[in-house]
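The values are calculated or read from the model by the stated rules, or taken from the named source; none is laboratory data. Fair warning: this is a prediction, and the values are worked out from it, not measured in the lab. Cβ coordinates were reconstructed from backbone atoms using ideal geometry, including for glycine residues, and neighbour counts include every protein chain displayed. Ligands, DNA and RNA are excluded from the accessible area calculation, which covers all protein heavy atoms including side chains. Shrake-Rupley method; radii C 1.70, N 1.55, O 1.52, S 1.80 Å.
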Amino acid sequence: MYADIVIDISHESLDRPFQYRIPESLVGQVQPGMWVLVPFGRRNTQKKGFVLKLGTKANIDPDRIKELTEIISDDNSSDKTRIALAVWMYREYGGNLIQSLRVVMPARKNVRPKQVSFLVRTSDEKRFLSYLDLARKKNWKGRVRLMEALLCRDYISSAFARQQLKIASDAIKALEEEKLIQIETKRFYRSVLPKESASLEKKQLNEEQQAIVDKLISSYQAGVRTPALLYGITGSGKTEVYMHLIEWMIHQNKQVIVLIPEISLTYQVILNFYSRFGEQVSMINSRLSDGERSDQLERARNGEISIMVGPRSALFTPFSNLGLIIVDEEQEGAYNSEQIPRYHTRETADKLAQLTNSLLLLGSATPSIESFSRAESGEYRKFCLTKRAVLGSCLPNVQVVDMRKELASGNRSVFSRELREKMEECLAKKQQMMLFINRRGFSRVVSCRSCGKPIECPHCDVALTEHLGDKLVCHYCGYTKAMPRSCPLCGSPYLAGFGLGTQKAEMMIKAQFPSARVLRMDMDTTSKKDGHEQILDSFRRREADILVGTQMIVKGHDFPGVTLVGILAADMSLYNCDFRSSERTFQLLTQAAGRAGRGMEPGNVIIQTYDPENYSIQTAANQDYESFYHQEIRFRRRMQYPPIGLMCEVMAVSADEKLANQWIWQVQLLINKRFCDIIKIIGPSDAPIARLKDMWRKHLYIRSNDHKAYLEAMELIQEITEQAAVQKVSIFVTVC
Ligand code: ADP
Ligand code: ZN
Ligand code: ZN
């Protein structure tokens, strides 16, 4: 019997499993997922290893295979489940095991735990006072100052003693030797909680909300762990349902992970949770320093906190008694990881819930087609919230404006007459509005009017985007250059920008409504730390009338003062080459529309489009998710796209175009040979961005209805990935 063992997961160079023989006495005991000790290297040092799988065939000359030493009993159950999770991710999403292990159990960065030292008074009062008398007589000024400070307190921090009281270390040492004080050090955790707290009182649930909470609790008590989809229209109060359920979980000594799609939402969410649950809450996101992050994980591990809020990486919080995982806005694209393993947070959360016997709760106003179809089939349970929670607030009026007709009647402005009118009305009533545009920057691309070619990034095959200050920026790699005077290809001086970006929209608004106060929110204005919060706060405090921005502004924010939402061009996301583009358009429009009229004033939404008959625009205008779903699932069924069939993209990336090509064809060949009828391959071809940051990208799609064959194909690709890595070609899989 042999075992494949991964050694010391924190070590980059040991990126593959090694085979060991299982000694006679341990056969039957060694199982995948266990930690063991093995001799390693020329000196046979004992190292910790992790058993990946068992087998009976030796990969190399059996005489050269070493024997594993012993099983390390390791009863940290949170580590165990997370390792199992990493193994699952590795099987499902490819890459290598170490990459998965590192995502799930990030190596502890070398950060020093923060220690704070205190001076504590130890002796009884009488002795203390008599020594103070002595010190006064002898005029030991430092000791007197310190003792007087300690008279009215039990302890002071060493830093305070040194910096504020100006006490020299001699004086402290003297008092310590007299056993009058003692120095104590405490572990101190860096706080990531907001300084303020919102006065968010607990709300009495309405009937719909209460029924859902009751049902979720009683079924949980009965042992039901079928994932639940909470499908509630925008503003229906899903957060309140989460809060009540979390409260109950905490009463049961259970821990909770709350996932939110984007970092820009963290602050508002954490503020709400903090004011409801206080110090039991923490958050984690990529903007924290290494020290702050490792402190929060440590607090979770030692049970100091019970709720972790954050974007997808919060899923890997080392809780030992997890009860509930909430994935809010589960349809969001940001839940797809862009690093290898390219895991999907919802699917991974589902697996973690199974491993820990916890409940998975997905929330959305526009569920992903995947989740809704699972709810239809009974794989998930479905709970609906059908009304807006704030009394008197109702869904906004939505109007679709055909921009072709505007153009035909001579209006060349980006604002239709309807939108202009509504904007004037809104400003006159001193209400707020949001204008949504799907593209940052000034205008889309700069093209040459003589040869028709756009100006492209020298490192990526994409057009550069014009930004204010006569700059051209690559939105993929950040490359920036000054606007050229003439076309780099033909020398013609006639260059012009096409399309509309956020910067240009802001300028046009200012030109047309000079008295309006305008804020802009996009990647460029939010790149600083706290950039999001400052803009959102300022808008919330009504320091601006108009917020113009990219999709960042439509996600989840609750601004009761907003009565008008304008979508300047609804079509932009429709025409990319992805089979999910209708779904994305529908979600974006519904979310954007959902921002209007969340207070008492009725809301208006104007959707401007060149394609008013499109079903994703029509159904979004009616806020009719189910009609959209039924049309969309028909399309997916006809094309065998997910969630009907399984599909993934395989990409080969290399600095050498020939090699990238060679390996993607290798994938095609081997899969075709083994699975010719069961698995369909589309491609290979150049990826839509054929070159990115000077790396060539070739891809193909794999489609199948057979889960078993699909997983086998993934294994095959894994083998090819390892071979290709030798030639510095990286192959990775993205599940569609
Ligand atoms: P969703 O996430 O479903 O879009 P939110 O959770 O943001 O909706 O809730 C929308 C608004 O309704 C919030 O201002 C919230 O405080 C309020 N709300 C939620 N539940 C209730 C309730 N039971 N009674 C009164 N107001 C509520
Ligand atoms: Zn030209
Ligand atoms: Zn670039």
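In the set (1) surrounded by 17 or more Cβ atoms within 10 Å (Cβ to Cβ); (2) in a strand (DSSP E or B), Cys384 fails one condition alone, (1). Taken over the stretch 491-526, the criterion of being in contact with a Lys or Arg (Cβ under 9 Å, 6 or more places away or on another chain), within 16 Å of ligand 2 (Cβ to nearest atom) and open to solvent by less than 70 Å² (accessible area, probe 1.4 Å) is satisfied by Ser492, Leu495, Ala496, Gly497. Annotation: Ile72 fulfils all but one of (1) exposed (fewer than 14 other Cβ atoms within 10 Å of the Cβ); (2) at pLDDT 85 or above; the unmet one is (2).
Check whether at least one residue in the stretch 661-668 is farther than 24 Å from Asp461 by Cα and open to solvent by 60 Å² or more (accessible area, probe 1.4 Å), and report yes or no. Yes, the stretch 661-668 contains at least one residue that is farther than 24 Å from Asp461 by Cα and open to solvent by 60 Å² or more (accessible area, probe 1.4 Å).
Strands (runs of 3 or more DSSP E) fully within the stretch 674-736 that include at least 3 residues being open to solvent by 20 Å² or more (accessible area, probe 1.4 Å) and closer than 22 Å to Lys658 by Cβ: 679-692, 695-704.
Listed by position, the strands (runs of 3 or more DSSP E) contained in the stretch 165-263 that have at least 3 residues being touching a Lys or Arg at 6+ places or on another chain (Cβ under 7 Å) and open to solvent by 70 Å² or more (accessible area, probe 1.4 Å) form an empty set. Just to check your reading of the model, which residue among Lys422, Lys429, Lys471, Lys453 is more than 30 Å from Val605 (Cα to Cα) and more than 16 Å from ligand 2 (Cβ to nearest atom)? Exactly one residue qualifies, and that residue is Lys471. Evaluation of Val473 against the conditions (1) more than 16 Å from ligand 3 (Cβ to nearest atom); (2) of a type outside the set (Ser, Thr, Tyr); (3) touching a strand residue (DSSP E or B) at 6+ places or on another chain (Cβ under 6 Å); (4) open to solvent by less than 40 Å² (accessible area, probe 1.4 Å) shows that the sole unmet condition is (1). Could you give me the residue pairs with C-beta distances under 6 Å whose first residue belongs to the stretch 39-61 and is surrounded by 16 or more Cβ atoms within 10 Å (Cβ to Cβ), whose second residue is basic (Lys, Arg) wherever it lies, and which are 6+ apart or on separate chains? Every condition considered, the pairs that remain are Phe40/Lys47. If the condition is being hydrophobic (A, V, I, L, M, F, W, C), at pLDDT 95 or above, away from ligand 1 (no atom under 16 Å from the Cβ) and not in a helix (DSSP H, G or I), then the stretch 319-375 contributes Leu322, Leu324, Ile325, Leu359, Leu360. Quick check on the stretch 192-220: of everything there that is over 28 Å from Thr356 (Cα atoms) and among the hydroxyl-bearing types (Ser, Thr, Tyr), which residue is nearest to ligand 2 (Cβ to nearest atom)? That would be Ser197. Among the residues of the stretch 435-470, none is identified as β-branched (Val, Ile, Thr), away from ligand 3 (no atom under 16 Å from the Cβ) and modelled with pLDDT under 75. Looking at the stretch 117-163, the helices (runs of 4 or more DSSP H) lying wholly inside it that each contain 3 or more residues that are open to solvent by 100 Å² or more (accessible area, probe 1.4 Å) and either at pLDDT 90 or above or out of contact with any helix residue (DSSP H, G or I) (no Cβ under 6 Å at 6 or more places or on another chain) (or both) sit at 125-138. In this entry, Leu427 is excluded by the filter for residues that are touching a helix residue (DSSP H, G or I) at 6+ places or on another chain (Cβ under 9 Å), within 24 Å of Phe513 (Cα to Cα) and either basic (Lys, Arg) or touching a residue at least 40 places away in the same chain (Cβ under 8 Å) (or both).
This table checks each residue for (1) crowded, with 23+ Cβ neighbours inside 10 Å; (2) more than 16 Å from ligand 2 (Cβ to nearest atom); (3) part of a loop (DSSP other than H, G, I, E, B).
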| residue | (1), (2), (3) |
| --- | --- |
| Val269 | no, yes, no |
| Phe273 | yes, yes, no |
| Glu279 | no, yes, no |
| Arg287 | no, yes, yes |
| Gly291 | no, yes, no |
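When Pro493, Pro488 are checked against the criterion of being assigned to a loop (DSSP other than H, G, I, E, B) and away from ligand 3 (no atom under 16 Å from the Cβ), a single residue qualifies: Pro493.
Scanning the stretch 298-312 for residues that are in contact (Cβ under 8 Å) with a residue 60 or more places away in the chain and assigned to a helix (DSSP H, G or I) gives Glu298, Arg299, Arg301. Residue pairs whose Cβ atoms lie under 7 Å apart, sitting 6 or more positions apart in sequence or on different chains, and linking a residue in the stretch 592-613 that is among the small types (Gly, Ala, Ser) and open to solvent by less than 10 Å² (accessible area, probe 1.4 Å) to a partner that is within 16 Å of ligand 2 (Cβ to nearest atom) and outside any loop (DSSP other than H, G, I, E, B), do not occur here. Scanning the stretch 221-267 for residues that are of a type in the set (Ser, Thr, Tyr) and either within 16 Å of ligand 2 (Cβ to nearest atom) or under 21 Å from Pro367 (Cβ atoms) (or both) gives Thr226, Tyr231, Thr234, Ser236, Thr239, Tyr242.
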